[in-house]
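Below: one structure, written as structure tokens.
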Amino acid sequence: MKLKLPQGVRVDVVEGARIAVFSLKANRLRTVLTTMGIGIGVATLLAIVGIIQGLNTSFHRQLATFGANTIYVSKFPWIIKGDWWMYRNRKDITLDQVERLRHAAPFLTALSPSVQRVSDVEHGGEQLSTVRIQGVTQEYLAISGYEVTAGRFLTEADDETTRPVAVIGTEVADGLFPGISPLGRTIRVDNRTFQVVGTLSRKGKVLNQSMDLVVFIPFKTFYSSFGKGRRIEIAMAVEDASKLKQAEDQLVGILRRIRSTPPGQPDDFSINKPEAMAQTYEQLTGALYGVAVGVGLITLLVGGIGIMNIMLVSVRERTREIGVRRALGARKRTIVFQFLMEAASVSAVGGLLGTTVGLGTAKVVSLITPLAADVQAGTVAGGVGFAALVGLLFGIWPAARAANLDPVEALRYE
Amino acid sequence: MSDGGNASKLIEVQDITRVFHVGGEEVRALRGVSFGISRGEWVAIIGQSGSGKSTLMNVLGCLDTPSSGRYTLNGKDVSRMSDDELAVIRNEEIGFIFQTFQLLPRETALANVELPLVYRGIPARERKARATAALEKVQLAHRMHHRPNELSGGQRQRVAIARALVAEPSMLLADEPTGNLDSATGEEIVRLFAELHQAGNTLVLVTHEPKLAARCPRAIRLSDGEVVADGPGREVALGIGQSVMAAGGT
């Protein structure tokens, strides 16, 4: 006797496990089919959870490039909920308001108006389409998080004198000037010529939109080149993220005063923060998450009922065997263990199988689509553990039925 | 007189009743049965179907408990024991032999014989040695790795007997042990019982066959839930002599 368990329990566990394995092997096809119910449940759950976790991770990584200490004001919110026309009918933000805001809000570490359009950009024979042309001032650099890799960024003097100069993103630089330095050369945007004075660091994609297919020109140059009829967004930065909430509250008051919004009326502008976007996004995926987990749970429930069903069949099939075991000295507890072990092993095998398939699916999805699946260790452990638990839970009733059979009746069962 | 002093009686049954409730009706399967069986006896319990002999067998085998009365087995009052306690008693005191053999079909003869030892918590090595020895006793050691469906009826019943013997119980309890066998094979089994009796085992054999009961040194006849005869097997089985005794008393 190497094991130090009380003898009765040792018999229950060792014998229960032996019989469970024996019986699973004896009914291979049935085992596989039963297992599949649980397996599919776990696989569904893991695949969906993995994909959503992946989405969240990549979204957060993208948002991080925006900067956590930045805040933007415009007519439209970034994520429109409700009536588009209500936002459309708001008064435009004017350059005058931008200047008044600059003086009224000394807590901002940087502020820049920003206007944009999408155009084709050419140099020599090369042409790029759908490039974002953005008019900003010198301070925009600090807010945007780009770094200048060569030359310089736009200056106040560029803006004052409406110089036709441009600072370009990496994709524009690589696309129009392959292998040569773009500094000092010219690009054409809608028949207007700009001289490249600087290039920017790579920022990658946010929401599948390249942040590097971009041309920055001075704000006033933009106005004089492409007209004034465009929507102004105000980009701002505070010292650090902890000051953001306070700054937002103050900004609301200042902007209402500047735009003379009547008291009692709702704000006629939107304050946008990358951080708030993350929250909205998480609410969105959170709902999806809930639905997906619900579907997975229902599948598991169905799998569990499958296990219960097959265990009831197994108990009925082995009624005489149970009678014999009871006659030879098996206690009720021993019989319960035997069937619980069987149910739990089927489910655990299913859980393992489901985990493999689920992880595989998530992996394949991340390979063939832009979705980045990211399954965390906790999720896997949770999946397998949950499957075994489902098996145990749904095994209890059949096991109890087996143990409570009257030995006399069981022995007589045909 | 059965209280205390009389330790030689292995089985003491005193005024046992067993009442079933079937669909609101009371069925009195045993109506006050009393007898004693000593160590080393070979006793047949005989009766027509419906006489209560199966109920009595279940009570004697601790698969069922009496509604009233007292049943002492090997000095222990088992008539009021819990389910778990009865499981231990079955394991330690009783070796069952069934009409339909009741072997586990998927297990080998050896594994079947080992089963009572498993529930007693005997380590695997010792189990195997003891089960092999028991199979040798019934001349089946050479078939021990076969499954029941690879064995003849007589061989199966001998495996069952080995299983009953292996845990060295204080009595063997056989329920129509030859009922599913042809007469030649049945005869083999009866001879095996005689040998076991010679070797000092206590045997209780439940049957409706007078011919089988007649081979036993002692028989108890049951009718309508009462003992109507108790005496030498031949006389009780064939209804000759004056073996009809007052039930109870002893």
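If you check A:V196, A:V172 for being open to solvent by less than 30 Å² (accessible area, probe 1.4 Å), of a type in the set (A, V, I, L, M) and assigned to a strand (DSSP E or B), only one passes: A:V196. Taking first residues from the stretch B:102-113 that are of a type in the set (V, I, T) and partners that are surrounded by fewer than 21 Cβ atoms within 10 Å (Cβ to Cβ), the Cβ contacts under 6 Å between residues at least 6 apart in sequence or on separate chains come to B:T108/B:H145; B:T108/B:R147.
Annotation note: Cβ proximity below 7 Å between a residue of the stretch A:290-313 that is farther than 28 Å from A:A402 by Cβ and a residue that is open to solvent by less than 80 Å² (accessible area, probe 1.4 Å) and of a type outside the set (V, I, T) (sequence gap 6+ or interchain) occurs for A:V293/A:L45; A:G296/A:G41; A:G296/A:L45.
If you go through the stretch B:88-103 and keep only what is under 11 Å from A:A327 (Cα atoms) and polar (S, T, N, Q), you end up with B:N91, B:Q102. Among residues of the stretch A:231-269 being in contact with a Lys or Arg (Cβ under 7 Å, 6 or more places away or on another chain) and surrounded by fewer than 17 Cβ atoms within 10 Å (Cβ to Cβ), the one that is farthest from A:L95 (Cα to Cα) is A:D267.
Under the condition of being open to solvent by less than 50 Å² (accessible area, probe 1.4 Å), at the interface with chain A (Cβ under 8 Å from one of its Cβ atoms) and part of a loop (DSSP other than H, G, I, E, B), which residue from the stretch B:104-122 is nearest to B:L151 (Cα to Cα)? In this case the residue turns out to be B:L104. What residue, among those in the stretch A:85-128 that are open to solvent by less than 70 Å² (accessible area, probe 1.4 Å) and among the hydroxyl-bearing types (S, T, Y), is nearest to A:G253 (Cα to Cα)? Per the criteria, the residue is A:T94. Residue count for the stretch A:96-140 under the criterion of being of a type in the set (D, E), assigned to a strand (DSSP E or B) and modelled with pLDDT of 90 or more: the result is 2.
Comparison of A:I298, A:I254, A:I305, A:I310 shows that the only residue that is assigned to a helix (DSSP H, G or I) and either within 30 Å of B:D84 (Cβ to Cβ) or within 14 Å of chain B (Cβ to nearest Cβ) (or both) is A:I310. Taking the criterion of being charged (D, E, K, R) and open to solvent by less than 50 Å² (accessible area, probe 1.4 Å), would at least one residue in the stretch A:138-148 satisfy it? No, the stretch A:138-148 contains no residue that is charged (D, E, K, R) and open to solvent by less than 50 Å² (accessible area, probe 1.4 Å).
B:F20 falls short on exactly one of the conditions (1) within 14 Å of chain A (Cβ to nearest Cβ); (2) under 24 Å from B:G225 (Cα atoms); (3) not in a strand (DSSP E or B), and that condition is (3). Applying the criterion of at least 3 residues that are buried (at least 19 other Cβ atoms within 10 Å of the Cβ) to the helices (runs of 4 or more DSSP H) found wholly in the stretch B:141-250 leaves B:153-166, B:183-198, B:233-238. Of all the numbered requirements in (1) crowded, with 19+ Cβ neighbours inside 10 Å; (2) hydroxyl-bearing (S, T, Y); (3) not in a strand (DSSP E or B), A:S181 misses one, and that requirement is (1). Checked against (1) loosely packed, with under 13 Cβ neighbours inside 10 Å; (2) assigned to a helix (DSSP H, G or I), A:Y223 passes all but a single condition, namely (1).
In the set (1) within 26 Å of A:V9 (Cα to Cα); (2) out of contact with any Lys or Arg (no Cβ under 7 Å at 6 or more places or on another chain); (3) at the interface with another protein chain (Cβ under 10 Å from one of its Cβ atoms); (4) part of a helix (DSSP H, G or I), B:G95 fails one condition alone, (4).
Based on this model, can you work out whether A:V295 counts as open to solvent by 60 Å² or more (accessible area, probe 1.4 Å) and either touching a helix residue (DSSP H, G or I) at 6+ places or on another chain (Cβ under 6 Å) or closer than 30 Å to A:I51 by Cα (or both)? It is true that A:V295 is open to solvent by 60 Å² or more (accessible area, probe 1.4 Å) and either touching a helix residue (DSSP H, G or I) at 6+ places or on another chain (Cβ under 6 Å) or closer than 30 Å to A:I51 by Cα (or both).
Taken over the stretch A:68-78, the criterion of being farther than 20 Å from A:V115 by Cβ and either surrounded by fewer than 13 Cβ atoms within 10 Å (Cβ to Cβ) or modelled with pLDDT of 80 or more (or both) is satisfied by A:N69 alone.
Listed here are the residues, each with its yes/no results for (1) crowded, with 22+ Cβ neighbours inside 10 Å; (2) at pLDDT below 85.
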| residue | (1), (2) |
| --- | --- |
| A:L328 | yes, no |
| A:R333 | no, no |
| A:K363 | no, yes |
| A:G383 | yes, yes |
| A:L393 | no, no |
| A:A399 | yes, no |
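In a residue-by-residue description of the stretch B:79-86, the property of being within 14 Å of chain A (Cβ to nearest Cβ), in a helix (DSSP H, G or I), within 17 Å of the chain's Cα centre (by Cα) and not acidic (D, E) applies to at least one position.
The values are calculated or read from the model by the stated rules, or taken from the named source; none is laboratory data. Owing to the predicted nature of the structure, the values given are computational and were not obtained by experimental measurement. Backbone-built Cβ (ideal geometry, glycine too); neighbour counts: all protein chains shown. Protein only, heavy atoms only, side chains kept; ligands, DNA and RNA dropped before computing areas. Shrake-Rupley method; radii C 1.70, N 1.55, O 1.52, S 1.80 Å.
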